[in-house]
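Everything on this sheet refers to the single structure shown next.
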Amino acid sequence: MIPVYVLCAILFLTGIYGVVAKKNLIKIIIGISLMVQSVALLLLILGYAAGEVGGLFQTIGLITMIGGLAVMSLMIVTAVRLHEKYGTFDISEIRRLKG
Amino acid sequence: MNSSMLLWAVFLPIIAGALCFAIPDRIKWLREGFTAVVTLATLVIAVLIFLSPEMRFQTAELGFAPVKFLDFYSYHFSSFLIMFVSLFGFLISLYSMKYMEGRGRLREYYPYILLTVGAANGALLSDNFLPFLGFWGIILVALFLFTTIGSRDASPERIFDAANKNMMILGGADLALIMGVGFLWYLSGSLTLSEVSIPLHGAMAISAFVLIMIGAIAKAGAMPMHSWIPHMAEASPASVMAFLPASLDKLLGIYLLSRIVLDFFELNLSMSLLLMIIGAVTIIAAVMMAMIQHDLRKLLSFHAVSQVGYMVLGIGTGTPIGIAGAIFHMLNHAIYKSCLFLTAGSVERRAGTMDLAKLGGLGRMMPFTMVAFFIAALSISGVPPLNGFVSKWMVYQGIIEAGAAQYWIFLVVAMFGSALTLASFIKVGHSVFLGDKPREIGVVKEAEHSMRFPMVVLAVLCVVFGIFAQLPLVYFIGPVVGISFPAFPAAISWTGIWSPTSGTILLLVALAIGGLIYLAGRIRVARTAPLYIGGETTGEGTTDSLSHAPGRLTGLRDTRVLGTEFYDTIRNMEGLKRAYDKGEAAAFDIYSYGKHVFPISEVLKLLHNGRLANYVSWCLWGLIILFIVMASIG
Amino acid sequence: MIGIEILLGLIIVTGFVALEVKKLRTSVISLAAAGLFFIIASFVFGSLEVGVGGIIAFSILIPLLFWALKQTTGEDITIRIRPEPNDIFVLISMAVFVIVFFLVAFPRLGLAELGPPPAPIEGPAGLSILREVLVLLAAAAGIWAVIRKVGRREK
Amino acid sequence: MSIFPLLFVIIPLAAAAIIAVFYRVWERSGDVFTNVANAALLVLSLALVPTVMKGEIISYDWGHSSSLGIHFSIDSLSLLMLITISVICLAASLYSVNYMERYTSKPRYYILLMLMIAGMNIVPLAADLVNLYIGIEIAAVACYALVAFGVEHEYLEASFKYQIMGTVGTLCILPGIAFLYRMTGSLNIVELHGILAGQGLTPILLFSAILLLCGLGLKAAYMPFHAWLPDAHSTAPSPVSAILSGVFIKVIGLYGMIRVFFCIFEMTTTISWILMVFGSISLLLGVFLALGQWDSKRLLAYHSISQMGYILLGLGIATPLGILGGLFHLVNHALFKGLLFLDVGSVEMQTGTRELKELGGLNQKMPVTGITSAIASLSISGFPPFNGFWSKLIIIIAAIQAGYPWFAAIAAIGSILTMASFLKVEKYIFFGSLPEKLQKVKEAPMLMCIPMVLLAALCLGIGIAFPWIIDVFIRPAADVLLILGS
């Protein structure tokens, strides 16, 4: 099972990489999406036994997906509005708030 | 007597203060009368408490800490102090009726007086540290609110700056006090004031002592925590100055300082020396600053700082007679300094200014004020037979009795401080009440009765406590330090208790020096006075001095001897000049060091540069640290 | 479980492609591919709920992303920006995090000897699906509020 | 089994639904139903005081007996949080009636607000971690939208950053919960405590604790997880800021941490030190940052970080007195920070600016705002007789009593700096001289003054009656943690 955990962690880190290193809002949202997927998969891996996911892991996984869907749809809409206001998807230019 | 009286002494003024807010502005006589009556009633209660034996009032312990919500305990020390607190409250509310007339925010002013009296009584009577700290802080809040009311001639910014400074210095000191109390609790296991008594060993006990001492001397206004008083003086009405920094804060600060020396800790040599040094430096530095002031209020406030030095010095000696002298000096100081501020207030009310350069010759028109002023001024300068002399002398005796031969330096400093004080006050008295009246000031009247009464009462007290010094010593101070002074009929024989030879000689020398300094100032003035140029003074000269630019007065200089030149003489003396320059640049002001905080803030602000990637990376660093912690514990 | 590992690898690769390509449209398609692999993976695990959840999520998200790109721009111009000192700090943080995570934290976890997972819980989910609906409702209300053209009345 | 816990969720949801249905028909439906619902919540939470604060636990279960389903329970800690939420939310919703006129589409605002309150109420009610998480998620999503409610540049920017960081936070919480469940087979908080009691932290539990610490930390905004807070709290509409700083970060962040680190894990020395160190860093750096601000709301936002540091420090000390001080400060901070945001909001509404340098002398023109803000400032700076004094005092002496004099010193220094920055606020907004262009400023409308006066009265009242408040409200709540923690 260890490689699966490692791969899952790599997926999570890829997501973080997207959030941290990418400047495009859409890419950041994609990064979040990858993180959500990795967390959902981690839940399934943790609960996996004998060909079936047991315990509450399925439920929590579903909650993860739904929560992710909710947050990301709001993010996408916010990103569109941000593009409308700032004229760019570049997060490093969207920084009126500082100090 | 019933111990619930203690509750009344605290909560009667507080509740009355809350009610007083509700009195509408239209019936101001009710508000003023109410305040005076309540403070008088508190005074009566305080006297009754003083006359009764020790009392204790306790509520049940709070569940969460070994603290009673209210734990009041009256014994000779606290009960004689609450008497004076209430007395000052009464006199000030009487004085304010006319003095504060026509100013804004009076609706708050009177309730604050009542709240302060109640809170001060509460702090003095509390026998548990938690309520004590609460009341102690309320006094500061009241001081802050009082200060924001402000005097007429100060700009709103200046007023708030003064309030700000009070809050910062005293608030910081209060936090030091809280820390100190925490340490004390940790060491002694008790939060009850009358139970705590620990030896002064180890870093924690020393820090506890120093921290509580900071709280106490800041309230009293000793250096280096003194700078709020002069700043406040510039922006506050004289009645407020007389009430809080001059009297109540001194009583409370020195009360706490005496408590830590007498009760909580057993004083050791190094701490004793520390206190004496603080005292000596305060005496001399503050009086030097006072010498160069042009503004009467500010001058008085520097003297208020300087006098604290005697009290701290006296307590620092650790000898019973020194501590008794310090406590007596605290009481005396509250009386004469309050009186001085009140006379200054009367002068301001009549002449419209407190600038020494613009005053003069008021003595004939304001005889009561003048007499009160001179009594108090001679008292503060330590001229026999007034009260200031007795207490100062006791402090000197304390220094001598403390034993170490090197302490003569403190003695000299204290005496020299006295001399400078005398010189300074002769000058002030001269330039305000004697000499020639400047044209700007028209014919002025003596202060109203309600203003005259407090001044006279305080002046009389100065005399009584001087001539019959045995009275307060036997009834108020003796029990506190455990000295039994000879009984009352032998009042005049106080000189016989201890051998005063060296003290007397030094004192006489000091007085002579004071006179000499004053004369030196006069001579210089006579030499440097410019010739009369004339012609500038326009016809619009009214008593409203606020409209005058300072430059306009230069033409008047020849006609009378001004205070200003005298101060400039001192100001420009070789060797002192640099110190004064630094002093005016606030190098000695602990508050001014606060600005070094802002660069840190700027650096931190730069870090918050609006980049989301950075913000998320910080979280990563947080996780990194947590992971490493996790690895290190297994 | 080899299949799972391959699927995870594919998700990582497609995800990485989605992050790195210049055309945003391509990256959304790539994300969709990752989502597809994710859904397959959850079915392989035997989890119906997560699989269905994934289908719902991606069938909403991908069109939404395309809509967003249609509203705005399809190009990722930021990909060409040269790294600034600030980005270097960020990348260093990332690198340190990866190193610490894999060298310090991960090996200590002892994921190999976790033991069997808790037994499955049978029984009706009851009202609990309402909770998820509530989250979506909040998001819907949020979107409804954010899409307003004018937010503030100027005096 | 009692229906009461469910009411805390149903009432705000019902209000949201009613507003969604009726707002076209009746314009004021939002104003009315929001306030009615919040008042009902307050009454409800206060009605439970006599039973719950005696130690009874009111619970409600629907669905499977174990963690699958809806499981609510109210113990005294939950009730304390519920009361705090209700008070601040009622104040904010009263305030919103006039204040939110500046924004378009008030009904949408009210619907989001009620959803957020529902989410916030779920968190303390939740008896298991999944429901706790759901509550966090609902409240957070509604909150993201509320921060963006102005849909201008700053609003959207702050909201987007908050969304990203908040989501990273939830994505840390979830694996944390999952690992915990994997190791114990339960999600119920009480059960978990029973299972984990007496065990040391195995590495995987510690890992789970770290993930939860980070994830909930991102919600609670202590350093170094704080960076979204000053943006979000300073741009959001003022009543929302009041809720956010007042209760939101505590409910969805700190409350979870309290539950996890006191009621689930044993409070070990390591975790105690982690909390104290993070707490004191936030306390000190937060206040340093606040000192340099000239935007009044941003200044307040940084103070929230700093005050969270106090609470965390108090809780991290983990002695009875420390926990008591922490919880007391939590309640007090909710009151005075909420009040400060309302004050600054009314200043902003009446003058059109929140830059300190452009304001001044408003005490003459806005006496109610001036007095209430002075009370709140004195309270947050820790002056008696206001409530903040007592809680700070308790925290400081608790730190000394537990043998951490340096943390006590940090708390004291933080307090001095807090004082300095609030004197700055008072000086630049309310004292000093009135600028020329502000000569025509008027006091805020009645409905905005009422909640301000209410909160100010609470600050003063709690400060005076603090022994009673502690005995009735705080101590039972602290006992929950102590009984479970020991």
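For region D:249-271, state whether one or more residues are within 12 Å of chain C (Cβ to nearest Cβ) and open to solvent by less than 10 Å² (accessible area, probe 1.4 Å). No - not one qualifying residue is present in region D:249-271. The set of residues in region B:137-164 being under 15 Å from the mean Cα position of the chain (by Cα) and either facing chain D (nearest Cβ under 10 Å) or among the charged types (D, E, K, R) (or both) consists of B:Ile139, B:Leu140, B:Phe144. Restricting B:Tyr95, B:Tyr112 to those that are open to solvent by less than 40 Å² (accessible area, probe 1.4 Å), over 23 Å from B:Ile260 (Cα atoms), within 14 Å of another protein chain (Cβ to nearest Cβ) and assigned to a helix (DSSP H, G or I) reduces the list to B:Tyr112.
Can you find, within region C:1-53, the residue that is nearest to A:Ser33 (Cα to Cα) among those that are among the small types (Gly, Ala, Ser) and in contact with a strand residue (DSSP E or B) (Cβ under 6 Å, 6 or more places away or on another chain)?
Among those residues, the one meeting the criterion is C:Ser47.
Would you be able to say whether some residue in region D:133-149 is part of a loop (DSSP other than H, G, I, E, B) and either buried (at least 24 other Cβ atoms within 10 Å of the Cβ) or within 7 Å of another protein chain (Cβ to nearest Cβ) (or both)?
No - not one qualifying residue is present in region D:133-149.
Tell me whether region C:34-42 contains one or more residues that are more than 7 Å from chain A (Cβ to nearest Cβ), over 28 Å from A:Val53 (Cβ atoms), among the β-branched types (Val, Ile, Thr) and part of a helix (DSSP H, G or I). No, because not a single residue in region C:34-42 is more than 7 Å from chain A (Cβ to nearest Cβ), over 28 Å from A:Val53 (Cβ atoms), among the β-branched types (Val, Ile, Thr) and part of a helix (DSSP H, G or I). In summary, helices (runs of 4 or more DSSP H) completely within region B:149-248 and bearing 1 or more residues that are open to solvent by 20 Å² or more (accessible area, probe 1.4 Å) and in contact (Cβ under 8 Å) with a residue 40 or more places away in the chain occur at B:156-188, B:202-220, B:228-235.
Of everything in region C:50-63 that's open to solvent by 40 Å² or more (accessible area, probe 1.4 Å) and within 9 Å of chain A (Cβ to nearest Cβ), which residue is farthest from A:Leu42 (Cα to Cα)? Break it down stepwise before answering.
Pass one, region C:50-63, residues open to solvent by 40 Å² or more (accessible area, probe 1.4 Å): C:52, C:55-56, C:59-60, C:63.
In the following step, the residues that additionally are within 9 Å of chain A (Cβ to nearest Cβ) were identified as C:52, C:56, C:60.
On the way: C:Val52: 17, C:Ile56: 19, C:Ile60: 23 Å.
Applying the filter and picking the extreme gives C:Ile60.
Kindly indicate whether any position in region D:280-302 is closer than 20 Å to D:Val123 by Cβ and either within 12 Å of chain B (Cβ to nearest Cβ) or open to solvent by less than 10 Å² (accessible area, probe 1.4 Å) (or both). No; the residues of region D:280-302 include none that is closer than 20 Å to D:Val123 by Cβ and either within 12 Å of chain B (Cβ to nearest Cβ) or open to solvent by less than 10 Å² (accessible area, probe 1.4 Å) (or both).
Condition check ((1) within 14 Å of chain D (Cβ to nearest Cβ); (2) surrounded by 16 or more Cβ atoms within 10 Å (Cβ to Cβ)) across all residues:
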| position | (1), (2) |
| --- | --- |
| C:Leu65 | no, yes |
| C:Lys70 | no, no |
| C:Asp87 | no, yes |
| C:Arg108 | yes, yes |
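Each residue in region B:417-432 was checked for being over 21 Å from the mean Cα position of the chain (by Cα) and open to solvent by 10 Å² or more (accessible area, probe 1.4 Å), and 2 of them qualify. As a summary of the residue check, B:Thr42 satisfies the conditions (1) out of contact with any Phe, Trp or Tyr (no Cβ under 7 Å at 6 or more places or on another chain); (2) open to solvent by 20 Å² or more (accessible area, probe 1.4 Å) except for the one numbered (2).
Okay, residues lined up against (1) open to solvent by 10 Å² or more (accessible area, probe 1.4 Å); (2) more than 8 Å from every other protein chain (Cβ to nearest Cβ); (3) of a type in the set (Gly, Ala, Ser); (4) closer than 16 Å to D:Gly166 by Cβ:
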position: D:Leu192; (1), (2), (3), (4): no, yes, no, no
position: D:Ile195; (1), (2), (3), (4): yes, yes, no, no
position: D:Gly200; (1), (2), (3), (4): yes, yes, yes, no
position: D:Leu205; (1), (2), (3), (4): no, yes, no, no
position: D:Cys214; (1), (2), (3), (4): no, no, no, yes
position: D:Tyr222; (1), (2), (3), (4): no, yes, no, yes
position: D:Pro230; (1), (2), (3), (4): no, no, no, yes
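Listed here are the helices (runs of 4 or more DSSP H) enclosed by region D:8-106 that have at least 3 residues being open to solvent by less than 40 Å² (accessible area, probe 1.4 Å) and charged (D, E, K, R), and there are none.
Does any residue of region D:407-416 turn out to be closer than 20 Å to D:Ile371 by Cβ, part of a helix (DSSP H, G or I) and at the interface with chain B (Cβ under 9 Å from one of its Cβ atoms)? No: zero hits. Please indicate, with yes or no, whether at least one residue in region B:31-38 is in contact (Cβ under 8 Å) with a residue 60 or more places away in the chain and among the polar types (S, T, N, Q). Yes, because at least one residue in region B:31-38 is in contact (Cβ under 8 Å) with a residue 60 or more places away in the chain and among the polar types (S, T, N, Q). Taking the criterion of being within 7 Å of another protein chain (Cβ to nearest Cβ), open to solvent by 10 Å² or more (accessible area, probe 1.4 Å) and more than 22 Å from D:Ala158 (Cβ to Cβ), the residues of region A:22-50 that qualify are A:Leu42, A:Tyr48, A:Ala49. The test for being within 8 Å of chain A (Cβ to nearest Cβ), within 30 Å of C:Leu103 (Cα to Cα) and either open to solvent by 40 Å² or more (accessible area, probe 1.4 Å) or part of a helix (DSSP H, G or I) (or both) does not hold for B:Ala631. Consider region B:588-619 and keep the residues that are in contact with a Lys or Arg (Cβ under 9 Å, 6 or more places away or on another chain) and more than 10 Å from chain A (Cβ to nearest Cβ). The one that is farthest from A:Ile28 (Cα to Cα) is B:Phe588.
Applying the criterion of at least 2 residues that are farther than 27 Å from B:Ile278 by Cβ to the helices (runs of 4 or more DSSP H) found wholly in region B:352-448 leaves B:367-380, B:408-433.
So which residues in region B:290-320 are under 23 Å from B:Leu248 (Cα atoms) and open to solvent by 10 Å² or more (accessible area, probe 1.4 Å)?
B:Asp295, B:Lys298, B:Phe302 - these are the residues of region B:290-320 that are under 23 Å from B:Leu248 (Cα atoms) and open to solvent by 10 Å² or more (accessible area, probe 1.4 Å).
Is region B:54-65 home to any residue that is of a type outside the set (Gly, Ala, Ser), away from chain D (no Cβ under 14 Å), touching a Phe, Trp or Tyr at 6+ places or on another chain (Cβ under 7 Å) and closer than 18 Å to B:Thr116 by Cβ? No, the conditions are met nowhere in region B:54-65. One residue stands out among those in region D:391-406 that are facing chain B (nearest Cβ under 7 Å) and open to solvent by less than 10 Å² (accessible area, probe 1.4 Å): the one that is nearest to D:Phe466 (Cα to Cα), which is D:Leu393. Among the conditions (1) open to solvent by 10 Å² or more (accessible area, probe 1.4 Å); (2) on the phi < 0 side of the Ramachandran plot, B:Arg105 misses just one, which is (2).
Restricting attention to region C:24-49, the residues that are open to solvent by 10 Å² or more (accessible area, probe 1.4 Å) and over 20 Å from A:Leu46 (Cβ atoms) total 7.
Note on region D:187-270: enclosed helices (runs of 4 or more DSSP H) holding 1 or more residues that are closer than 16 Å to D:Tyr144 by Cβ are D:203-220, D:228-235, D:238-243.
Pairs are defined by a Cβ separation below 9 Å, a sequence spacing of at least 6 or placement on different chains, a first member in region D:439-452 that is surrounded by 21 or more Cβ atoms within 10 Å (Cβ to Cβ), and a second member that is aliphatic (A, V, I, L, M) and part of a loop (DSSP other than H, G, I, E, B); the pairs so defined are D:Ala444/D:Met366; D:Met452/D:Ala444.
The values are calculated or read from the model by the stated rules, or taken from the named source; none is laboratory data. All values reported here derive from a predicted model rather than from experimental measurement. Neighbour counts are summed over all protein chains in view; Cβ atoms, including those assigned to glycine, are modelled from backbone coordinates with ideal geometry. What goes into the accessible areas is simple: the full protein's heavy atoms, side chains included, and nothing from ligands, DNA or RNA. Shrake-Rupley method; radii C 1.70, N 1.55, O 1.52, S 1.80 Å.
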